[in-house]
Amino acid sequence: MAPSSRPCIVWFRDDLRLSDNPALHFAATRGTPTICVYVFDEESAPLRAPSWRPLGGAARWWLAQSLRCLQSDLAGRGATLLLRKGPAAAVIARLAEDVGADTVTWNDIAMQPHRRIGNDLVGALDRLGIPSRIFPGDLLAAPESIRNKDGRALRVFTPFWKRLLATAPAAPLPAPAALLPADVPDGGRLEDRHLEPTHPDWAGGLRETWTPGEASAQAMLAGFLDTRIHGYADNRDRPDLDGTSRLSPHLGFGEIGPRQVWHAAHFAAHRRPEIARDIDKFLSELGWREFCRHLLLDEPEIAARNLQSSFDGFPWRDDQAALRQWQSGLTGYPIVDAGMRQLWHTGTMHNRVRMVAASFLVKHLLIDWRDGESWFWDTLVDADPGSNPANWQWVAGSGADAAPYFRIFNPILQGETFDPDGDYVRRWVPELAGLPARLIHQPWTATPVELAGAGVVLGKTYPEPIVAHKRARGRALAAYAKTRE
DNA sequence: TTTTGAGTTGTTCGA
DNA sequence: GTCGAACAACTCAAA
C-alpha cells in the first residue's frame with residue numbers, strides 16, 4: 001500500500017530535539033508528510049492538576065531559544081514547526097481535523113497533568129476517527145516498571161538505582177535525515193508569546209552563560225565526556241571548578257534525552273576504564289532525576305505538601321525581610337550569597353551550593369521550604385517539577401528518604417571545604433575579592449586592618465551575618481525537636 | 001508474615 | 001591535628 005498523502009502530526013512538548021525522538025522517528029519512517037506542532041497551553045493543565053505551575057521566568061527564556069533552534073533544525077529537514085496557543089487537546093484535535101491527519105503522535109511525559117491531557121487528546125481524536133500513537137517518554141525506565149509490592153514508586157534511592165541499573169534503556173534513535181513537507185496552515189509567531197523579558201531585559205546573564213538547543217546539548221555532552229569527566233566524582237562538589245556536566249536545562253527541555261546520555265557515557269567508560277568511577281557517579285545523578293520523576297508521578301502535590309505529614313505543624317517563621325535578603329544574596333554568609341547571585345545572574349547554581357543555600361534558608365532562617373522552592377522554580381533554567389521540590393523536601397527533612405534533622409550545613413565550613421581558595425566567592429561577591437582565602441568565608445572574623453586592606457566595610461559594602469551560625473543551629477535543632485514530639 | 005538491614009551530600013565534641 | 005562517636009528513630013525494600 002502506498003503511503004498516505006495525509007499528514008502525520010507530531011506534537012512536541014518537553015522533547016525539543018530531532019535525534020532519539022521516537023514520535024518524530026515514527027513520522028519520518030512512515031513516509032507521510034509531517035506536521036510538527038508545539039502548543040502553549042496555560043489553560044488545560046491547571047484544570048487537570050491544581051498544583052500545576054506555569055514555567056518560571058528563566059525557563060520561559062530558555063524555551064524561546066530552544067523553540068527557535070527546533071524551528072531552524074526542522075526547517076533544515078523540510079518541516080515546519082507550528083506554534084499554537086490554548087488547551088492542547090482541543091487545539092491539536094482541531095488541527096488534525098483541519099488538515100485531515102493520518103495519525104497524531106507524541107512522546108509520553110510521565111506526569112499526571114501531561115498524561116491526562118494526552119488522554120483527552122486520544123479521546124478527541126477517537127471521536128474524529130484519527131489514530132494516535134504514543135511512545136515511551138523522556139525517562140530511562142517507565143515508572144510502571146520500577147514499583148514496590150504495593151505498586152508505588154520506591155522511596156529510597158539505592159534500591160531504586162539498583163533496579164534501574166538492572167534494566168537496559170533502549171538504544172537511542174537517529175535523527176531523521178529528511179521529513180516530507182506538508183501543506184501547513186499559518187505557523188504562529190514565537191514573539192507573540194512574550195517568553196523573553198524586554199522591559200527590563202534581565203536575560204543578559206543567561207545569554208552569556210548558556211546556548212540552548214539540540215546542537216549545543218550534544219556538544220556539551222561530548223565535551224563533558226571528553227575532558228571534564230576526569231575526576232568528576234570529586235570535582236563535582238567544587239563550585240570553583242568547571243567540574244559538572246551542565247546538562248540539566250538541556251535535559252529539562254528534552255534537547256537531549258537521558259537514553260542518549262546513558263549510552264554515550266557507557267561508550268566512554270568502555271573506551272577508557274580509568275574513568276569508570278566518574279561515569280558511575282555521573283550516571284547516578286541521572287538516576288536522581290529519574291527517581292524524583294517517578295516519585296512525582298505518585299506525589300503530584302510534592303511542591304505543595306510535606307511528604308511527611310509530621311512536618312505540617314512545623315513552626316516556620318514568617319520573615320519576608322530575611323527571605324528577600326536570601327533571594328538577593330545579602331545574608332552575610334559569602335558562600336550562600338555567591339550562590340544566590342550566581343542563580344539570579346545565570347539561571348543556575350552549583351549543586352553543592354544549592355544544598356548549602358537551601359539548608360540555610362530552611363534551617364538557619366527557619367523559612368518554609370516552599371518559599372525557597374518557588375524562588376528556585378522562577379529563577380532556575382533547569383527547574384524540574386520532580387527534582388526541585390523533592391530536593392527541597394530532602395533538605396528540609398520532610399521528604400522521602402530525607403536528610404536527618406541534625407544535618408545542618410555550616411556555611412563557613414562548606415565554603416572552606418569546597419571553595420578552598422575562595423575563587424567562587426570572589427567571582428560572585430566581588431566586594432569581598434580582596435580578602436585572603438583564610439577570611440573570605442567569614443569576613444566578620446577579620447581584623448579592622450585586614451578589612452580596610454581589602455576595602456571591606458561590614459554592614460556597608462557587605463552585610464553582617466543575618467544570623468549567627470551557632471545560635472541559628474541551636475534554634476533549628478530546638479524547632480525540629482518540637483515537631484518530633 | 002516477619003524480620004533484618006540499610007539509608008546522597010554533615011557537624012560537633014571530646015579523647 | 002586527627003579520629004570516632006553521638007546526634008534518633010523510622011520507614012522502606014527485600015530476604
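Show which lysines lie in cross-link reach of A:Lys162 when reach means a straight Cα distance below 19 angstrom and same-chain residues fewer than eight apart are skipped.
A:Lys149, A:Lys281
Report, in debye and to the nearest 20, how large the dipole of chain A comes out about its Cα centre when Lys and Arg carry +1 and Asp and Glu carry -1 on their Cβ.
It comes to approximately 940 debye.
Debye sum, Cα scatterers, the stretch A:433-473, no solvent: what log₁₀ I/I(0) at q = 0.14, 0.18, 0.34 1/Å?
-0.31, -0.49, -1.25
Among the chymotrypsin sites (Phe, Trp or Tyr not before Pro) within the stretch A:405-466, which fall in a DSSP loop and have no more than 13 other Cβ atoms within 10 Å of their own Cβ?
Filter output for the stretch A:405-466: A:Phe406.
Within a Cβ distance under 14 Å of A:Pro172, other residues only, what is the Lys/Arg minus Asp/Glu net charge?
Net of charged neighbours comes to -3.
Translational D (Stokes-Einstein, µm²/s) of the stretch A:309-484 at 37 °C and 0.692 mPa s when Rh comes from the Kirkwood sum over C-alpha pairs?
200 µm²/s
Among A:17-28, A:141-152, A:163-174, how do they line up from the highest to the lowest mean number of other beta-carbon atoms within 10 Å?
So the peptides A:17-28, A:141-152, A:163-174, ranked by packing, come out A:17-28, A:163-174, A:141-152.
So how do A:Trp52, A:Trp62 line up by other beta-carbon neighbours within 10 Å, fewest first?
Least to most surrounded, the residues fall as A:Trp52, A:Trp62.
Find the all-direction average of the projected area of the Cα convex hull for the stretch A:8-138, expressing the result in square nanometres with one decimal place.
Value for the stretch A:8-138: 7.5 nm².
Take A:Arg53, project a point 7 Å from its Cα along the Cβ direction, then tell me which residues of the stretch A:237-259 have their backbone nitrogen under 17 Å from it.
A:249, A:252-253
Please report A:Trp202, A:Trp161 as a ranked list, fewest other C-beta atoms within 10 angstrom at the top and most at the bottom.
Least crowded to most crowded, the residues run A:Trp202, A:Trp161.
Within straight cross-link reach of A:Lys470, meaning Cα distance under 19 Å, which aspartates and glutamates are found once same-chain residues fewer than 8 apart are removed?
In chain and number order, the partners are A:Asp337, A:Glu416.
Using a Cα-Cα cut-off of under 15 Å, which aspartates and glutamates could be cross-linked to A:Lys460, ignoring same-chain neighbours fewer than 8 residues away?
A:Glu431
What order do you get for A:Cys8, A:Cys36, A:Cys69 when you list them from fewest to most C-beta neighbours inside 10 Å?
With the fewest neighbours first, A:Cys8, A:Cys36, A:Cys69 line up as A:Cys69, A:Cys36, A:Cys8.
Give me Rg over Rh for chain A, both radii from the alpha carbons and Rh done the Kirkwood way, two decimal places.
With Rg and the Kirkwood Rh in hand, the quotient comes to 1.00.
I need the peptides A:365-375, A:313-323 ranked by packing, meaning the mean over residues of other C-beta atoms within 10 angstrom, with the highest value on top.
The densest-packed peptide leads the list: A:365-375, A:313-323.
I'd like the distance separating the alpha-carbon centroids of the stretch A:290-334 and the stretch A:1-42, in whole Å.
Distance between centres, Cα-based: 39 Å.
Each reported figure results from applying straightforward, stated rules to the coordinates on display, with no laboratory input. Since the structure is predicted, the reported quantities are computational estimates derived from the model, not experimental observations. For neighbour counting, all protein chains shown are included, and Cβ atoms are generated from backbone atoms with ideal geometry for every residue, glycine included.
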